[in-house]
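Undergrad: The structure follows.
The values are calculated or read from the model by the stated rules, or taken from the named source; none is laboratory data. Predicted, not measured: the structure shown is a model, and the values here were computed from it. Cβ sites come from the backbone with ideal geometry, for glycine too, and all protein chains shown count toward neighbours. Ligands, DNA and RNA are excluded from the accessible area calculation, which covers all protein heavy atoms including side chains. Shrake-Rupley method; radii C 1.70, N 1.55, O 1.52, S 1.80 Å.
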Amino acid sequence: MRTAASTTDEQPITPGWGVLDLAHLGRLHLAWSAHGLVWIEQLALDVDHDARVRWLPEVPRDASAVEVPARFAAPLRAFDSGAPIDPATLDVDLRGTEFQNRVWSALRAVGRGQVRTYAGLAADAGSPRAMRAVGMAMSRNPIPIVVPCHRIIAQGSRIGGYTGGLPRKRVLLALEGVGIEGDRVIGSQLSLL
């Protein structure tokens, strides 16, 4: 499922992968198709080629890293520096099941600096009783940060979990101005619960 948030006449890009080092978010490995981002690895020091190939089979496993296209690198750098950029507006090429794509699209609709509960996200994805399935789809999200699963919190305003680890979730939410006290989200960000 291809979703393009931008409407600019940007130059077409060649599918590939590359590395982006950011001050707050650390090293990101990104893969993209001609239509948008397909994968971001945010944990590994070295790229997991098997995972990358699973999400971007059109680029050979042994392909070398290339410079990350500016259409992805510039907004991610700006976001990492605290600029009011929403990474969910970047072009993506979602490659999941129909249900996963619905969940991932619903995640992209949660605005920068806002949070939503698993129950709310399940309703947004058209499956209000499927909170566990929504959690599983989130755990398989191939494009964290851009498909912002960090914006989903647990019931009772608890910060909840995050596949990339709670320290990274706290950084992502802080970059968006979301207040956290202990293990709870505080303030006006709760308007989308």
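Undergrad: Checking Ala88 against (1) in contact with a helix residue (DSSP H, G or I) (Cβ under 6 Å, 6 or more places away or on another chain); (2) in contact (Cβ under 8 Å) with a residue 60 or more places away in the chain; (3) over 25 Å from Ser157 (Cα atoms), which test does it fail?
TA: So the condition that Ala88 fails would be (3).
Undergrad: Continuing with this model, one more query. Could you please find all residues in the stretch 115-160 being closer than 15 Å to Trp39 by Cα and buried (at least 17 other Cβ atoms within 10 Å of the Cβ)?
TA: Ala137, Met138, Asn141, Pro142, Ile143, Pro144, Ile145, Val146, Val147, Pro148, Cys149
Undergrad: Give the residues of the stretch 94-114 that are aromatic (Phe, Trp, Tyr) and open to solvent by less than 30 Å² (accessible area, probe 1.4 Å), sorted by residue number.
TA: Trp104
Undergrad: Same structure, new question: How many residues are surrounded by 19 or more Cβ atoms within 10 Å (Cβ to Cβ), touching a strand residue (DSSP E or B) at 6+ places or on another chain (Cβ under 7 Å) and not in a loop (DSSP other than H, G, I, E, B) if we restrict to the stretch 69-93?
TA: Of the residues in the stretch 69-93, 5 are surrounded by 19 or more Cβ atoms within 10 Å (Cβ to Cβ), touching a strand residue (DSSP E or B) at 6+ places or on another chain (Cβ under 7 Å) and not in a loop (DSSP other than H, G, I, E, B).
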